[in-house]
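Data block below; observations after.
The values are calculated or read from the model by the stated rules, or taken from the named source; none is laboratory data. Computed from a predicted structure; not experimentally measured. Every residue, glycine as well, gets a Cβ built from its backbone with ideal geometry; the counts of neighbours run over all protein chains shown. Heavy atoms of the whole protein, side chains included, go into the accessibility calculation; ligands, DNA and RNA do not. Shrake-Rupley method; radii C 1.70, N 1.55, O 1.52, S 1.80 Å.
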Amino acid sequence: MKFLGVDLGWTSQPSGVCCLSLQNETLQLLDLQRLGTLEEVLTWVDQWVPDQQPAVIAVDAPTLIPNATGMRLPDRLAHKYFGRYHAGCYPANQGLPFAQRTIAFGLSLEQRGFLHAPEIHPQQPGRYQIEVFPHPAMVHLFQLDRILKYKKGTVAERSVELNRLRQYLLETLPVLTPALPLRQSDGVPLLPEIPTRGTAMKAVEDQLDSLICAYVAAHWWFWGVERNWVLGDRTEGYIIVPAPRGDGAMA
């Protein structure tokens, strides 16, 4: 079983992509990079999971947008549960510039057999797609009081926060279930170092976000609703978020 994470460029930006595989209860990092166009992302998907091969693809973008105006149900729920962590998501509706692009990406995945999976039978092979949002996922997986603010501020401020994210990934994901070891046998990290220049830093940021997406895909497939929250539904849109560690229930 493979798990793909896509930190989608909502307008014309590149997208971070990550591929994990699972054997027993341990994940392996197979690929982590950034691609320039949606066509390249879809080609990458086809290369890692050709026709009929099982996988879950987790996309950080609103691929289901039923509302013409206003805010989707999952956006409202994200603000309700995660606003106090500064992890509310950007509201989506069909009138916004990115909507056609993100919806089209979800449809392209559906054409490849990746069905939306706001409900799932854990550990059953299939081809699924889900919407995810890295900030709430990190709040729960890393037990944070506030999000890691690596997307705003000066280059120096963002670098500090992005290094914190990298360290959380290296230290926390290997001890969760499923586990994702992120070091070679000699202890050398598999993750890229954090650059000191803004453009290069953004490229690594996108890759690390896609890694979180891929991990949430694996966590959803492995545990289902036992250890994950579903914000919304198939009709109104949804976001999958890992539950707080040690507690599967939504308040």
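Yes/no matrix, rows are residues, columns are (1) acidic (Asp, Glu); (2) over 26 Å from Pro62 (Cβ atoms):
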{"residue": "Pro134", "(1), (2)": "no, no"}
{"residue": "Asp186", "(1), (2)": "yes, yes"}
{"residue": "Ile194", "(1), (2)": "no, yes"}
{"residue": "Tyr215", "(1), (2)": "no, no"}
Residues of segment 106-122 being of a type in the set (S, T, N, Q) and open to solvent by less than 90 Å² (accessible area, probe 1.4 Å), which ones? Ser108
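Is it the case that Gly198 is in contact with a helix residue (DSSP H, G or I) (Cβ under 6 Å, 6 or more places away or on another chain), modelled with pLDDT under 95 and open to solvent by less than 60 Å² (accessible area, probe 1.4 Å)? If you could, list the steps in order and put the result at the bottom.
Numbers: in contact with a helix residue (DSSP H, G or I) (Cβ under 6 Å, 6 or more places away or on another chain): yes; modelled with pLDDT under 95: yes; open to solvent by less than 60 Å² (accessible area, probe 1.4 Å): yes.
Against the criterion (in contact with a helix residue (DSSP H, G or I) (Cβ under 6 Å, 6 or more places away or on another chain), modelled with pLDDT under 95 and open to solvent by less than 60 Å² (accessible area, probe 1.4 Å)), Gly198 qualifies.
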Residues located in segment 1-39, provided they are charged (D, E, K, R), in contact (Cβ under 8 Å) with a residue 12 or more places away in the chain and out of contact with any strand residue (DSSP E or B) (no Cβ under 6 Å at 6 or more places or on another chain): Glu25
Every listed condition ((1) hydrophobic (A, V, I, L, M, F, W, C); (2) part of a helix (DSSP H, G or I); (3) surrounded by 17 or more Cβ atoms within 10 Å (Cβ to Cβ)) holds for Val230 save (2)
Selection within segment 162-181 - part of a loop (DSSP other than H, G, I, E, B) and in contact with a strand residue (DSSP E or B) (Cβ under 6 Å, 6 or more places away or on another chain): Pro178, Leu180
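So in segment 233-245, with the set limited to residues that are buried (at least 20 other Cβ atoms within 10 Å of the Cβ) and in contact with a strand residue (DSSP E or B) (Cβ under 6 Å, 6 or more places away or on another chain), which one is farthest from Tyr90 (Cα to Cα)? Step through it out loud before you land on a result.
Within segment 233-245, the subset buried (at least 20 other Cβ atoms within 10 Å of the Cβ) is 237-242.
Applying the additional criterion that residues be in contact with a strand residue (DSSP E or B) (Cβ under 6 Å, 6 or more places away or on another chain) yields 238-242.
On the way: Tyr238: 13, Ile239: 12, Ile240: 15, Val241: 16, Pro242: 19 Å.
Ranking the candidates gives Pro242 first.
For (1) assigned to a helix (DSSP H, G or I); (2) open to solvent by less than 60 Å² (accessible area, probe 1.4 Å); (3) in contact with a Pro (Cβ under 8 Å, 6 or more places away or on another chain); (4) of a type in the set (S, T, N, Q), each residue gets a yes or a no:
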| position | (1), (2), (3), (4) |
| --- | --- |
| Gln124 | no, no, no, yes |
| Gln129 | no, yes, no, yes |
| Val139 | yes, yes, no, no |
| Leu144 | no, yes, no, no |
| Val160 | yes, no, no, no |
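Just the residues that are hydroxyl-bearing (Ser, Thr, Tyr), open to solvent by 60 Å² or more (accessible area, probe 1.4 Å) and farther than 22 Å from Pro174 by Cβ, please, taken from segment 1-36.
First, pick out the residues of segment 1-36 that are hydroxyl-bearing (Ser, Thr, Tyr): 11-12, 15, 21, 26.
Applying the additional criterion that residues be open to solvent by 60 Å² or more (accessible area, probe 1.4 Å) yields 11-12, 26.
Scanning segment 1-36 gives Thr11, Ser12.
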Among the candidates Val45, Val56, residue that is buried (at least 24 other Cβ atoms within 10 Å of the Cβ) and touching a helix residue (DSSP H, G or I) at 6+ places or on another chain (Cβ under 9 Å): Val56
